1. If the cut-off is a Cα-Cα distance under 18 Å, which aspartates and glutamates reach LYS36, setting aside same-chain residues fewer than 8 apart in sequence?
2. State the extension gain, in nm to one decimal, for the chain segment bounded by ARG207 and ARG187, taking 0.36 nm per residue of separation less the distance between their alpha-carbons.
3. Multiply the residue separation of LEU230 and GLU124 by 0.36 nm, subtract the distance between their alpha-carbon atoms, and state the gained length in nm to one decimal.
4. Dipole magnitude of the chain about its Cα centre, charges +1 at Lys/Arg Cβ and -1 at Asp/Glu Cβ only, in debye to the nearest 20?
5. Sort THR200, THR229, THR16, THR219 so the one with the fewest other Cβ atoms within 10 Å of its own Cβ comes first.
6. When only Cα pairs under 8 Å and 6 or more residues apart are kept, what is the percent relative contact order across the chain?
7. I'd like the GluC sites (Glu not before Pro) in region 124-164 restricted to DSSP loop residues with at most 16 other Cβ atoms within 10 Å, sorted by number.
8. Using modelled amide H (1.01 Å from N, peptide plane; none on Pro or chain starts), what sits under 5 Å from the amide H of LEU35, excluding residues fewer than 5 places away?
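What follows is calculated from the coordinates using simple rules that are stated; it is not laboratory data. The structure displayed is predicted, hence computed values, not measured ones. Because the Cβ atoms are built from the backbone with ideal geometry, glycine has one as well, and the counts that use them run over all protein chains shown.
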Amino acid sequence: MRFGMSPSDKTLADRTYRQLRGDIVNGRLAASSKLKLEALAQDYAVGMSPLREALARLMGDLLVISEGQRGFWVAPLSLDELDDVSRVRALIETEALNAAIRNGDANWEREVTAAFEALAAVEEHLPHTSDALPPEQLETWEARNRAFHAALVSAAGSPMLIKLRDLLYQQSERYRRVSLNVSRGWRNVHDEHRAIYDATMQRNALRACRMTELHLARTAEEVRKAMATLAQDDDRISGGKA
């Protein structure tokens, strides 16, 4: 928060930050699109000071870029960045999971189990089809998938590691969502989550991390193929660097 910002502006900045972040990750604000301050202020019912604060925080999340005095844009998407995000996320996610398995107590196990069961309740009823999920079902799955992966690493014992992991998860979700309209074939993601959960509960860190690496690699490859298809018709997605 910038010095001199009032408590009410701080609250508005926090709210606007969350709303903008969600709209960027969900693709409602398209990659590489110009963020016009006047329009944003009207759409999000916020003043310029908290709006600029929210945009500054989104720059820290790598979701918004600024070019000098020219204004703000939604960060672009690229296949190169997808590969980079996927590689680094696998490194950070498995490091955090390994630490959580080493440090986690009975309460952590209960939290992981509750998150897995909530996710399984959705995944066990997903249709065996490559068609896109209805929006409401998709949002439920996304929320529970996010909660499960967060619970797995929550006992890592390193706030910095968790912060990096959360940033990378957010970037990965943004890439995954942009590819949802492309047919990718059916995939039994529930069995992948079950394998990660079982190994974690058995305190088998080596297997849990390996299952996580495979899970993330399959997702990255699936998304990469979908993005390559989209890139043929959409100049907002490039094969080069973002």
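1. Partners within reach: ASP23, GLU53, GLU67.
2. 5.1 nm
3. Difference between extended and current length: 35.2 nm.
4. That gives a dipole near 520 debye.
5. In increasing order of surrounding Cβ atoms, one gets THR229, THR219, THR16, THR200.
6. 27
7. The qualifying sites are GLU124.
8. PHE72, TRP73, VAL74
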